[in-house]
Amino acid sequence: MTQRIGLFYASTTGNTETVAEQIAGLIEEAQVDLHDLASEPVSSITQYDRLIMGIPTWDFGELQEDWDAVWPELEQIDFSGRKVALFGLGDQLGYGEWFLDAMGLLGELVQARGGELVAPWPVNGYEFEQSRALNPDGTHFIGLAIDEDGQAGETAERIARWVPEVLSAFEL
Ligand SMILES: Cc1cc2nc3c(=O)[nH]c(=O)nc-3n(C[C@H](O)[C@H](O)[C@H](O)COP(=O)(O)O)c2cc1C
């Protein structure tokens, strides 16, 4: 098992990819490997016990297409003993009834397969009707919430605050 962090993402219009690169840019190069699921196998996840995973929500609460394509394989992965930090991309104004739902689906899968979610993110500063990506008490998202459609100006600062929390949870 490598000590490196595996950062897995997929992106239809490039926003999640840009955020993934920004996150990786704040981690030492020798510590992180970027994997785009559109072109790289999801089975590589098993090489890491520290994972960052990024997923945008599409089509009214649905998984992004590359995540959807690998979902059956992902459901077979044993996440026990692995720490997982999630980040989700969504549009709270345009799709406020399904804000970041795909991050919620991914979190449910990881937890059902024994993984530990780390680095939740407060809901303050967002306006939406419903989200599947909330902690039970509703005070936090289960991972970093990024809205490039309505709050792009906040993204860099949000990432800069979240990455140290992830590294601390990973004990790095
Ligand atoms: C047709 C369409 C459907 C979308 N559905 C949702 C949704 O249900 N929930 C949400 O939070 N965002 C939704 N979004 C917003 C995207 O998640 C957002 O634009 C994201 O940044 C796209 O990431 P990507 O460029 O990595 O694919 C939708 C966007 C489009 C164009």
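Computed from the coordinates by the stated procedures, all read-outs in this text should not be read as laboratory data. If you're wondering where the values come from, they're calculated on a predicted model, not measured in any experiment. As a convention, Cβ positions derive from the backbone with ideal geometry for all residues, glycine included, and neighbour counts pool all protein chains shown.
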GNM flexibility winner over the chain from L100, L37, L86 (Cα, springs under 10 Å): L37
Residue with peak Gaussian network fluctuation, the chain [Cα springs, cutoff 10 Å], from F79, F128, F99: F128
Charge context of E171, other residues only, Cβ under 15 angstrom, K/R +1, D/E -1: 0
Tail fraction, Cα-Cα pairs, region 5-169, threshold 24 Å, whole percent: 25
Prolate/oblate/rounded label for region 120-168 (Cα gyration tensor, a/c 1.5): oblate
5 angstrom amide H check on L86, placed H, neighbours 5+ away: M53, V118, L144
Fraction of beta bridges assigned by DSSP in region 1-73 that are antiparallel (%, nearest 5): 15
